[in-house]
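Before any comments, here is the structure.
The values are calculated or read from the model by the stated rules, or taken from the named source; none is laboratory data. A quick note: this is a predicted structure, and the numbers were derived from the prediction, not measured. Positions of Cβ are generated from backbone atoms using ideal geometry, with glycine treated the same way; all protein chains shown enter the neighbour counts.
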Amino acid sequence: MAFERIDELLNGVTADGSLHGLAATVVGRDGVLYEGAAGDARPDSLFRNASMTKAVATTGALQLVEQGRVDLDAPVASIVPEFGELQVLDGFDGDQPVLRAPKTQATVRQLMNHTSGCGYHFLNEKLYRFCTENDFPDPFSGQKKSISAPLVHDPGTVWEYGVSTDWVGMVVEAVSGQTLGEYLAEHVYGPLGMTESSFAPNDEQRSRLLPVRFRAPDGSLVETDLDLPAEPEWDAAGHGSYGTIADYGRFVRAWLNGGELDGTRILKEETVELALQDHLNGAPLPKKMEPTMPELAKAVELLPVPQGWGLGFHVYQVDLPGMRSAGSGDWSGLFNSYFWIDRKAGIAAVIATQLLPFFDDKMVETILGFEAAVYASL
């Protein structure tokens, strides 16, 4: 396969200063098809996975589902009682938040597909106001209390992006008796040979961490203090892991192979197939996500094609011409990292930089070029 176009793309977009560092990998069922880095990024650079952590943490929880230790349709509060204390934020009466009990209790499945009612302060106006006016910590503060902010919807009614997967991590910890980092090291990272992945990189690994840059209004890239805390209070299943592109490539290759990599099985084939189906049960996806904090994310508009949400993954339900197939799972991370898994075509890929705000125009343009080049090479 000829992947020269990807080298040209990565080198071009870093050489002209549009992006400071970029790394990518393309994998097939039988191995690595492409791996490259450009600009300030090297093949061994460490990346903040941010929300790409979600798929890995959900994989850990799905293992417990397979073992009969977790029921997808069990109330979360039956496993993690403090989740049952969360109330729904209906709005405000003057300066006072209006809170009430949820009409139903969220299930583990609803955590995995983001219909639990949990939100993110930087994507939800009323939650942003609640956190700001009540000095309530946000998830990027490193304080575990942050995931106990009120719900913003009744469970099962709406897809809302938020701290749902952090609670999936709490489920894993409650059932396994281990921290999430310990559990994943033993049951996902270790078996898959993801030797550079963890929630607590050591000093040597941190020296290889690609620095975060911020896109200034004039289009230039500047240094920024916006970053994840070095010593968070908990292993954040929603955003807290670090790793190399090669490591994440091993993770997506295991999913490509139906839960198996190099003779080691971490999930059953039927679990993989189940997770990559739509589980929204009629709960609507938003047409557009409007951030409350433009320094963290730009507005994201969804393509006007059928799509849904599985267990840990966004899922396209139609073929995208010249790109991924129907049934492909994907997601991304706040610092502009992206992956997809196309089991129909037998291809998966990861591409990442470390740049804010999320959904950077130049990075999105680069991703589209990257994906087109991948499929043109098949």
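Before moving on, here are some points about what is shown:
This table checks each residue for (1) more than 18 Å from ASP44 (Cβ to Cβ); (2) out of contact with any helix residue (DSSP H, G or I) (no Cβ under 6 Å at 6 or more places or on another chain); (3) modelled with pLDDT under 95; (4) outside any helix (DSSP H, G or I).
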position: LEU184; (1), (2), (3), (4): yes, no, no, no
position: VAL222; (1), (2), (3), (4): yes, yes, no, yes
position: ALA237; (1), (2), (3), (4): yes, no, no, yes
position: ASP247; (1), (2), (3), (4): no, yes, no, no
position: ARG250; (1), (2), (3), (4): no, no, no, no
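- Taking the numbered list (1) touching a Cys at 6+ places or on another chain (Cβ under 8 Å); (2) in a loop (DSSP other than H, G, I, E, B) in turn, LEU228 passes all entries but (1).
- Near pairs, Cβ below 7 angstrom, 6+ apart or cross-chain, from the range 59-87 (more than 27 Å from ALA101 (Cβ to Cβ)) to any residue that is of a type in the set (Val, Ile, Thr) and part of a loop (DSSP other than H, G, I, E, B): THR59/ILE266; GLN63/ILE266; LEU64/VAL70
- Options ARG129, ARG109: the member that is part of a helix (DSSP H, G or I), at pLDDT 95 or above and more than 20 Å from GLY312 (Cα to Cα): ARG129
Table: residues versus (1) touching a residue at least 40 places away in the same chain (Cβ under 8 Å); (2) farther than 19 Å from THR264 by Cα.
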{"site": "SER197", "(1), (2)": "yes, no"}
{"site": "ASN202", "(1), (2)": "no, yes"}
{"site": "ARG208", "(1), (2)": "yes, yes"}
{"site": "LEU228", "(1), (2)": "yes, yes"}
{"site": "ALA237", "(1), (2)": "yes, yes"}
{"site": "SER241", "(1), (2)": "yes, yes"}
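- Subset of the range 257-275 (residues that are small (Gly, Ala, Ser) and either more than 15 Å from SER328 (Cβ to Cβ) or surrounded by fewer than 21 Cβ atoms within 10 Å (Cβ to Cβ) (or both)): GLY258, GLY259, GLY263
- Residue match in the range 284-295 (condition: in a strand (DSSP E or B), touching a strand residue (DSSP E or B) at 6+ places or on another chain (Cβ under 9 Å) and surrounded by fewer than 21 Cβ atoms within 10 Å (Cβ to Cβ)): yes
- Flag for THR271 being out of contact with any Cys (no Cβ under 9 Å at 6 or more places or on another chain), among the β-branched types (Val, Ile, Thr) and under 22 Å from LEU355 (Cβ atoms): no
- Subset of the range 183-212 [crowded, with 16+ Cβ neighbours inside 10 Å and of a type in the set (Asp, Glu)]: GLU196
- Within the range 307-378, strands (runs of 3 or more DSSP E) holding 3 or more residues that are in contact (Cβ under 8 Å) with a residue 24 or more places away in the chain, crowded, with 24+ Cβ neighbours inside 10 Å and not hydroxyl-bearing (Ser, Thr, Tyr): 337-342, 347-352
- In the range 97-121, the qualifying residues are those that are surrounded by fewer than 24 Cβ atoms within 10 Å (Cβ to Cβ) and either of a type in the set (Val, Ile, Thr) or under 20 Å from the mean Cα position of the chain (by Cα) (or both), and the one that is farthest from ALA77 (Cα to Cα) is VAL98.
- Any hit, the range 141-150, residues being aliphatic (A, V, I, L, M), touching a Cys at 6+ places or on another chain (Cβ under 7 Å) and in contact (Cβ under 8 Å) with a residue 24 or more places away in the chain: yes
- Counted residues, the range 300-323 - those being farther than 22 Å from MET112 by Cβ and in contact with a strand residue (DSSP E or B) (Cβ under 6 Å, 6 or more places away or on another chain): 1
- Residue pairs meeting the criteria (Cβ under 7 Å; at least 6 apart or on separate chains; first among the β-branched types (Val, Ile, Thr), in the range 92-104; second in a strand (DSSP E or B)): VAL98/ASP90; VAL98/GLY91; VAL98/PHE92
- Identification of strands (runs of 3 or more DSSP E) wholly contained in the range 1-96 with 3 or more residues that are modelled with pLDDT under 95 and crowded, with 23+ Cβ neighbours inside 10 Å yields no element.
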